[in-house]
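A.B. asks: Structure in structure tokens, see below.
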Amino acid sequence: MPELLKKIFPSFSNELIQDIKTNEIIKTFSAGEVIMRTGQYIKNTVLLVKGTIKVYREDSDGGEFFMYYLQPGQACALSMVCAVKNEKSKIMAKAVEDAEIIMLPLSMMDKWMMQHRSWYEFVVGSYRNRLEEVLEVVDSIAFRAMDERLEFYLKRQVEACGCKELKLSHQEIGSDLNTSREVISRLLKKMEQRGLVILHRNQIEILM
């Protein structure tokens, strides 16, 4: 419904919402399902309506590195860039929980940049926000020790889910940070000793 779309994307004009409703393709994904794979061509702009999507960067050996989350009301700026330039995706995106997305033809994205001011501002804002997040990740890798990177990572998880209890395994965290489960377990134990977290079975309670 247009009213629901307006609630999720409050900056969109009524005219833009009507154009979206005319051209949209709605798809749903189950938790854990891959939405976008590294190396595939992107032909559509994707808007997230429901759920949470996790965006990764993959190396040549298949290792994964967590970059950022997409929440309802957001779009993946990196996929927009690949779509516009007709390049293969350089990221992988996976549904953390059941998700619903709106797919829009690339031709509409170009047209709306000139036709709808609210779309232009949304796209530019998406580029800016993602650039800031990617720079934070780069800073974390370049200038922080692994214990600081882990704290930064956990704080981002809390912000993304809006909760203090994270259902994450040590292996999953290690994969996201491109390190071993043993390193994560050791650092989490030190954080628990400092009163920053409480470790439960397959769950981490954040106190910081």
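A.B. asks: Here are ASP176, ASP110, ASP139: which of them is of a type in the set (Asp, Glu), modelled with pLDDT under 90 and in the same structural domain as PRO10 (by the TED database)?
C.D. replies: Values: ASP176 fails: in the same structural domain as PRO10 (by the TED database); ASP139 fails: in the same structural domain as PRO10 (by the TED database).
Residue meeting the stated conditions: ASP110.
A.B. asks: Looking only at region 138-169, how many residues end up being touching a strand residue (DSSP E or B) at 6+ places or on another chain (Cβ under 9 Å) and open to solvent by 50 Å² or more (accessible area, probe 1.4 Å)?
C.D. replies: Final tally of qualifying residues: 7.
A.B. asks: Look at region 170-192 and say how many of its residues are surrounded by fewer than 17 Cβ atoms within 10 Å (Cβ to Cβ) and at negative phi. Walk me through it before giving the result.
C.D. replies: Step one: list which residues in region 170-192 are surrounded by fewer than 17 Cβ atoms within 10 Å (Cβ to Cβ), which gives 171-172, 178-183, 185-186, 189-190, 192.
Remaining after also requiring at negative phi: 171-172, 179-183, 185-186, 189-190, 192.
So the answer is 12.
A.B. asks: Sticking with this one: Keeping to region 1-36, report how many residues are of a type in the set (Val, Ile, Thr), within 20 Å of the chain's Cα centre (by Cα) and open to solvent by less than 70 Å² (accessible area, probe 1.4 Å).
C.D. replies: As a first pass, look at region 1-36 and keep what is of a type in the set (Val, Ile, Thr): 8, 17, 20, 22, 25-26, 28, 34-35.
After this cut, where a residue has to be within 20 Å of the chain's Cα centre (by Cα) as well, the list is 8, 26, 28, 34-35.
Next cut, open to solvent by less than 70 Å² (accessible area, probe 1.4 Å) only: 8, 34-35.
Here the count works out to 3.
A.B. asks: Next up: Mind listing whichever residues of region 120-133 are crowded, with 16+ Cβ neighbours inside 10 Å and either more than 14 Å from the chain's Cα centre (by Cα) or among the hydrophobic types (A, V, I, L, M, F, W, C) (or both)?
C.D. replies: PHE122, VAL123, listed by residue number.
A.B. asks: Take the residues of region 37-59 that are open to solvent by 20 Å² or more (accessible area, probe 1.4 Å) and in a loop (DSSP other than H, G, I, E, B): which is modelled with the lowest pLDDT?
C.D. replies: Here the residue is ASP59.
A.B. asks: Let me ask another. If you scan region 60-119, which residues turn out to be open to solvent by 50 Å² or more (accessible area, probe 1.4 Å), outside any loop (DSSP other than H, G, I, E, B) and among the β-branched types (Val, Ile, Thr)?
C.D. replies: VAL81, VAL84, listed by residue number.
A.B. asks: Right, here's the next one. Please specify each residue of region 143-171 satisfying the condition of being within 18 Å of the chain's Cα centre (by Cα) and either of a type in the set (Phe, Trp, Tyr) or in a loop (DSSP other than H, G, I, E, B) (or both).
C.D. replies: Across region 143-171, the qualifying residues are PHE152, TYR153, GLY162, CYS163, LYS167, LEU168.
A.B. asks: Listed residues GLN18, GLN40; which is closer than 26 Å to VAL137 by Cβ and polar (S, T, N, Q)?
C.D. replies: GLN40
The values are calculated or read from the model by the stated rules, or taken from the named source; none is laboratory data. A quick note: this is a predicted structure, and the numbers were derived from the prediction, not measured. Virtual Cβ from ideal backbone geometry, glycine too; neighbours counted across all protein chains shown. Only protein heavy atoms, including side chains, enter the accessible area calculation; ligands, DNA and RNA are left aside. Shrake-Rupley method; radii C 1.70, N 1.55, O 1.52, S 1.80 Å.
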